[in-house]
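Data first, discussion second: the structure below is written as structure tokens.
The values are calculated or read from the model by the stated rules, or taken from the named source; none is laboratory data. The structure presented is a predicted model; accordingly, all values stated were derived computationally and were not measured. Cβ atoms come from the backbone with ideal geometry, glycine included; neighbour counts cover every protein chain shown. Side chains included, ligands, DNA and RNA excluded: accessible areas come from the protein's heavy atoms. Shrake-Rupley method; radii C 1.70, N 1.55, O 1.52, S 1.80 Å.
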Amino acid sequence: MEPVNRRRYDASRRREQARLTREAIIAAARRRFLHDGYATTTIASIAADAGASADTIYKSFGGKAGLLKAMCQNALVGAGPVPAEQRSDAMQASQSDPSRMLRRLGTLTAEVAPRIAPLLLLLARAAETDSEVAQLRAGLDAARLARMTQVAEILAGKTRLRPGLSVQEAAEIMWTYSSPELYGLLVVSRGWSPDRYGEFVGESLVDALLGHDSGDGTAHDDRI
């Protein structure tokens with residue numbers, strides 16, 4: 001029985017080492033892409049920074065576009081042990097006050113945006129000359145719109161939307177307010193703090209989608 005236990009232990013060690021190597025590669029790629037740009041960054045430079053081989057990167061990610069996709073997926077997890085999307089789903093399911101729900105979405109946006117928005121802005125620039133990155137960008141935009149459509153449907157099930165506003169239009173408004181371009185304008189260009197940005201997004205969504213505040217009028221603590 002001892003050899004079996006040893007093999008299981010070795011397999012566990014290999015999986016952990018593979019996870020650490022993957023994290024190191026993604027972190028190195030993020031630093032390189034954001035500092036040097038997508039086009040000028042090489043797989044060899046990322047490999048050297050991460051202490052990995054270029055062959056490992058190609059096998060694991062397929063190249064720079066695959067790395068960028070993995071970086072975006074990693075950023076969307078947010079902070080903390082529970083992925084941001086799961087926390088958002090739980091909050092939407094449990095929150096009966098639509099205004100509070102939207103404000104909390106703003107808070108969640110403020111958490112995730114500093115991680116993902118710089119990558120999406122980088123991706124947008126790279127997509128102008130790289131067809132593979134352009135395809136990745138289109139896929140991420142479509143996925144974000146699909147996610148916002150789900151949220152809009154949940155919201156419409158809790159309350160009346162602003163008169164004349166369809167569920168799809170509500171989804172498109174949320175898609176706009178969660179865009180990296182808005183984050184770039186307010187936080188990167190104008191120096192807003194992420195918290196101020198999150199408050200703005202939440203309050204703007206309440207006004208744009210509901211046209212009224214259905215909350216209780218008391219101070220809100222919308223941390224999630």
Rounded to 10°, Cα long-axis angle of helix 167-177 versus longest principal axis of the chain: 60
Cα point-scatterer Debye curve for the chain, base-10 log of I(q)/I(0) at q = 0.09, 0.14 Å⁻¹: -0.46, -0.92
Cα lying deepest toward the dipole's positive end in the chain, options 148, 70, 58, charges on Cβ: 58
Kirkwood Rh (inverse of mean 1/r, distinct Cα pairs), the stretch 72-143, angstrom: 13.5
The stretch 49-155 - accessible surface per residue (Å², probe 1.4 Å): 46
With every protein chain in place, the stretch 1-130: carbon and sulfur % of accessible area (1.4 Å): 53
Whole-percent pair-distance distribution, where bins are 5 Å wide, for the alpha carbons of the stretch 143-194: 5, 21, 23, 16, 14, 13, 7, 1
Nearest 10 degrees, 0 to 90: helix 98-127 Cα axis against the chain principal axis: 40
Solvent-accessible area, 1.4 Å probe, carbon plus sulfur percent, for the stretch 168-210: 54
